[in-house]
1. Starting from the Cα gyration tensor of the chain, take the square roots of the eigenvalues, sort them a ≥ b ≥ c, and report rounded, prolate or oblate (rounded when a/c is under 1.5, otherwise prolate if a/b is larger than b/c, else oblate).
2. Taking 0.36 nm per intervening residue step and subtracting the Cα-Cα distance, what contour gain separates A206 from S251 on full extension?
3. Residue separation times 0.36 nm, minus the C-alpha to C-alpha distance between D114 and Q401: what's the value?
4. With the crude spin-label approximation of a point 7 Å out along Cα→Cβ, what separation in nm comes out for N305 versus N223?
5. Using a Gaussian network model of the chain whose springs link C-alpha atoms within less than 10 Å, name the residue from E205, E320, E123 with the highest mean-square fluctuation.
6. Give me the aspartates and glutamates in straight-line cross-link reach of K61: C-alpha distance below 12 Å, same-chain residues under 8 apart excluded.
7. Please give the FRET efficiency for L393 paired with T276, using the beta carbon to beta carbon distance and R0 = 45 Å, rounded to the nearest 0.05.
8. Please compute the length gained on full extension between L107 and Q235, using 0.36 nm multiplied by the number of residues separating them and subtracting their Cα-Cα distance.
Amino acid sequence: MPTFEQQRRSRRRFLQFLAASPLLAYDGFKAYAGETALPALPPDPAIWTALDQQNLIASPKDAINVFDFEAVARHNVPPAHFGYMASGIDGEVTLRANREAFGRYYLRPRRLIDVSKAGTSVELFGVKWETPIIIAPTGGNRAYHETGDIGVALAAKARRTLQILSTVSSMPVEEVTKAREAPIWFQLYASPSFDVAKALVKRAEAAGCPVLVITADRVGGRNQETFFRLRRADQRDCTACHQPGLQGRLSAKPNFDGIDVSGLKQLEASNLTWDTVRRIKDMTKMKIVIKGILTAEDGKLCAENGMDGVIASNHGGRGEDNGRGSIDCLPEVVEGVAERIPVLVDGGFRRGTDVLKALALGAKAVCIGRPYLWGLGAFGQSGVERVLELLSLEFEAAMKQCGVTSLKDIHPSLVRKV
């Protein structure tokens, strides 16, 4: 049994870690990390997880919520890799806003309704899925666990969940599709070169991807402060795996195999316009979804330009530090689209009630990123499965508490803004 002094030191170290985390960057909380005693009422529910770093969950089944996986992933994953995943950009105002914004919405439960037979299935482009919770595209997943995107695909298969694969995934789209044993969606960083974009699109289509998700919000560089700071603390020789320059980095991204990228100076498509998007649409039979839409004006343009769907997204606080949570942007995107095409959303989803709020505000489905990466970094495939399970259990419980038995019954009247 640890002594009181050992417990106090362990808790202080963990509080210091939390204070440095971009997801818990509250000034008042930072002050507590330097104190010798715990605060009487900590400001964020996440710290009610294990305060003792020596007593983290040992198995996915021990997790009570998705936050239980974050501390384990932080323990397992090298500092630079964890920092890349956890980082926003600049002051990380948008990163925090993605979580804080959910607190401005509350649910309005209805009573005396038989919810004994509730279902969570959703249909997207003619395909039925058991849950509206989707695996968002994230790059470099082998940085968190050796199974990488294959481990995620196997978890998606086990939980019968839709997966979107990133252009810069650690495994090629063909192998991930094979592991998933079902079609996956492909996310596209178009790059400044149309020839490179065309080659990526053709590869995804040949692999059987039915939907192409074009990212529109990565148009320039970014100051990833948390990543840069944690990278300094990483004592490994990174050059063993990471080659210098853009071409060196892309050499480790198998979706670019066989594609001439010698002329690229950056991957960000700063020249991406509607003309480019229309050219891409004309050369493929895949459905086209635009990711990174935050305004009614752009939502309207997506519908008018023949897009098949949109994702309201601020890139998890990694695109620009605009200071607005994606859940706050969702209603106006829905308004701009005017029910002509489905709207999905990502950014800060950690609870089943978050999912229900988004659907009540007009989203068709939600995409999660960091929570499943915590699960991956903590326990690999089984960790991702448990994250998906927990979110699904919470979401179904939230539906029942609000008197809802199917997604078609979720209505704007269920949610209000404070």
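Each reported figure results from applying straightforward, stated rules to the coordinates on display, with no laboratory input. These figures come from a predicted structure and were not determined experimentally. Every residue, glycine as well, gets a Cβ built from its backbone with ideal geometry; the counts of neighbours run over all protein chains shown.
1. It is oblate, given that a/c is not under 1.5 and a/b is not larger than b/c.
2. 14.1 nm
3. Residue separation times 0.36 nm, minus the Cα-Cα distance, leaves 102.3 nm.
4. My value for the distance between the label points is 3.0 nm.
5. Largest GNM mean-square fluctuation: E123.
6. E385, E389
7. 0.60
8. Residue separation times 0.36 nm, minus the Cα-Cα distance, leaves 41.4 nm.
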